[in-house]
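The values are calculated or read from the model by the stated rules, or taken from the named source; none is laboratory data. Note that the structure is predicted; figures quoted are calculated from it, not measured. All Cβ positions, even for glycine, are placed from backbone atoms using ideal geometry, and neighbour counts span all protein chains on display.
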Amino acid sequence: MTTDAEGLSPRIARALRDEEEALGSLERECGRLDAAQVEALFGLRPGQAEELCGAGQLLAYRHRGAQTRWYPAFQFDGPRVLAVVAHLLEVARAAGVAHEDVVLWLGSRTAMLSGTVRPVDLLRTDPQSVLAAARYDLAERAW
């Protein structure tokens, strides 16, 4: 097996590129905010967005090797967080799934939702179906 300059196999390097492309596509489609923007939106003090993320109330992720934590805009409905987000993060935490992987899952089609829509597309209209799919997909790493 050959490796690239960073010591990664071509398969792993391609998977990492695919992951970055998926995140970038979701960011362009749905938007993202940094902590300062989230804190301004909610009238929070500096550092509080990260605290809420740690408490399982906000979804945030980092690109591999990056320091900036991004908050996907799809979890917000104006100046409030969709109620489904905390439940989704609870499911993810129980399954040992990182926020980054939750974001990737939300942006991917899943057989649990007939394979025709992504969980992110149903967050507002059918959050219970998203949670049901998450309970299976995240626990089984089936996406």
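Pairs meeting the criteria (first residue in region 124-136 and in a loop (DSSP other than H, G, I, E, B), second residue of a type in the set (S, T, N, Q) and surrounded by 15 or more Cβ atoms within 10 Å (Cβ to Cβ), beta carbons under 8 Å, at least 6 apart or on different chains) are lacking. The set of residues in region 55-97 that are among the acidic types (Asp, Glu) and over 22 Å from ALA40 (Cβ atoms) contains only GLU90.
Restricted to region 57-76, and to residues that are in a loop (DSSP other than H, G, I, E, B) and modelled with pLDDT of 95 or more, which residue is nearest to GLU19 (Cα to Cα)?
Residue satisfying both the conditions and the ranking: ALA60.
Going by what's in this entry, would LEU52 be described as in a helix (DSSP H, G or I), aliphatic (A, V, I, L, M), in contact with a His (Cβ under 7 Å, 6 or more places away or on another chain) and at pLDDT 95 or above? Answer is no for this residue. Determine which member of the set GLY65, GLY7, GLY31, GLY56 is over 20 Å from the mean Cα position of the chain (by Cα) and among the small types (Gly, Ala, Ser). Criteria check complete, one pass: GLY7. Within region 114-121, identify whether any single residue is touching a His at 6+ places or on another chain (Cβ under 7 Å), in a helix (DSSP H, G or I) and among the aliphatic types (A, V, I, L, M), and answer yes or no. No, that holds for no residue.
Keeping to region 5-32, report how many residues are free of Cβ contacts under 8 Å to residues at least 60 places away in the same chain and either assigned to a loop (DSSP other than H, G, I, E, B) or of a type in the set (S, T, N, Q) (or both).
Total satisfying the criteria: 6.
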